[in-house]
Amino acid sequence: MIPSHTTAAVLTAPRGTIAVASVPVAEPGAGEVLVRMEACGLCHSDLFVASLEKLPRVPLTLGHEGIGRVEAVGDGEGAAGVHGFAVGDRVGITFLASTCGACEFCLTGRERFCPRQLNFGYTVDGALAAYAVVPAPLLFRVPDALPAADAAPLCCAGWTAYGALREAGLRPGQSVALFGMGGLGHLAIQYARHLGLRVAAVDLSESKLEMARSLGADLALSAENAGRTLQKQWGGADAAIVLTGSPVAIQEAFRSLKRTGTLITSGLSTNQYELPIVDTVLKGISIRGSYLGTRADLEEVFRLAQSGVGRAHIETHALDQAPELFEKMRRGEILGRAVVLF
């Protein structure tokens with residue numbers, strides 16, 4: 001029996017506190033399903049949302065790395081077995097809640113750039129709750145063989161890390177410098193190794209660099225003067241991927257590139273970075289933002305995880321620990337990914 005209320009990790013106000021609170025369980029409408037959550041990862045993007053001065057809605061349930069099973073399908077014409085989903089199916093919830101389905105981006109497999117998109121844990125309530133109502137079109141199937149806690153971080157951290165590497169367009173044998181060894185970075189090392197790349201891992205934390213070494217990074221460097229070190233040891237990297245919102249990391253990543261190299265930024269931040277125009281022009285540097293990936297990328301991430309590639313280092317916790325966990329994440333004290341189990 002579906003309860004009338006459930007518990008959730010709620011942002012109480014813009015730049016407000018994150019609290020565990022009771023929230024109503026909504027009935028799924030046409031084209032929607034009710035998901036009983038098994039697990040949800042905690043992402044730095046949740047902290048980014050919590051830092052904004054203005055939000056589309058508050059209070060707001062956070063979370064967008066959700067794994068669960070369909071508990072109910074919404075009523076309405078054509079709703080039964082919504083887009084191939086039925087009660088009991090195992091599904092993954094990502095940052096993308098819905099898109100228009102009709103713009104040039106939706107029609108070319110780039111739904112993540114749809115200007116009318118809605119996002120879990122930002123414009124609609126997210127997955128850090130025991131139950132979540134979800135529009136069906138952007139749900140993903142999740143293999144039953146993957147434990148929920150392992151699968152949850154793949155819905156954002158894994159997808160984003162793999163998508164950024166694909167965006168860089170590197171060939172086997174080329175080099176990539178990964179800046180930020182958090183939830184995204186430690187997965188990006190595994191994908192980069194799988195793709196046959198030379199990998200340099202950069203971070204401020206020695207414990208995170210030690211993890212990077214254990215995952216096969218060819219170099220593990222402190223963020224201070226990382227660009228100079230990479231120029232000296234490798235002659236620069238073919239690509240640098242910034243998996244954090246730190247302007248210092250972006251600066252060092254830019255410095256780490258060889259001529260005609262590519263800088264990919266994936267971390268969200270309200271901070272600003274001044275572009276070195278002269279070096280960008282004279283060295284032929286390409287700069288791109290990377291946001292999630294294609295649907296095929298996420299499906300590949302799940303396939304790789306089943307084969308043992310791209311398995312997240314996780315810490316599992318109960319929902320009532322969420323406020324404390326967000327503070328630990330803010331201080332950079334979580335190794336890998338924190339995952340809430342329901």
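The values are calculated or read from the model by the stated rules, or taken from the named source; none is laboratory data. Just so you know, these numbers come straight off a predicted model, no measurement behind them. Virtual Cβ from ideal backbone geometry, glycine too; neighbours counted across all protein chains shown.
Taking the range 1-46 as the range and being free of Cβ contacts under 8 Å to residues at least 40 places away in the same chain and within 22 Å of the chain's Cα centre (by Cα) as the test, only ARG15 passes.
Scan the range 266-324 residue by residue and report those that are in contact with a helix residue (DSSP H, G or I) (Cβ under 6 Å, 6 or more places away or on another chain) and of a type in the set (Asp, Glu). Scanning the range 266-324 gives a single hit, ASP297.
Just the residues that are β-branched (Val, Ile, Thr) and modelled with pLDDT of 95 or more, please, taken from the range 251-276.
THR260, THR262, ILE264, THR265
Among the residues making up the range 1-19, those that are touching an Asp or Glu at 6+ places or on another chain (Cβ under 8 Å) and under 19 Å from TYR122 (Cβ atoms) are ALA8, PRO14, ARG15. As a summary of the residue check, GLU167 satisfies the conditions (1) touching a strand residue (DSSP E or B) at 6+ places or on another chain (Cβ under 7 Å); (2) in a loop (DSSP other than H, G, I, E, B); (3) not assigned by TED's automatic domain parsing to the domain that holds ASP46 except for the one numbered (2). Restricting SER4, SER22, SER51 to those that are of a type in the set (S, T, N, Q), surrounded by fewer than 22 Cβ atoms within 10 Å (Cβ to Cβ) and closer than 23 Å to ALA157 by Cβ reduces the list to SER51. Of the residues that sit in the range 104-119 and are in contact with a Phe, Trp or Tyr (Cβ under 6 Å, 6 or more places away or on another chain) and of a type outside the set (D, E, K, R), which one is farthest from LEU11 (Cα to Cα)? Applying the filter and picking the extreme gives PHE105.
For the range 228-242, residues that are part of a helix (DSSP H, G or I), without any contact (Cβ under 8 Å) to a residue 40 or more places away in the chain and not polar (S, T, N, Q) total 2. Of all the residues in the range 100-111, those that are out of contact with any Ser or Thr (no Cβ under 8 Å at 6 or more places or on another chain) and under 16 Å from LEU139 (Cα atoms) number 2. Among the criteria (1) touching a residue at least 60 places away in the same chain (Cβ under 8 Å); (2) within 24 Å of ARG112 (Cα to Cα), the one ASP320 does not fulfil is (2). Here ALA86 meets the list (1) more than 26 Å from LEU325 (Cβ to Cβ); (2) in contact (Cβ under 8 Å) with a residue 60 or more places away in the chain; (3) among the aliphatic types (A, V, I, L, M) almost entirely, failing just condition (2).
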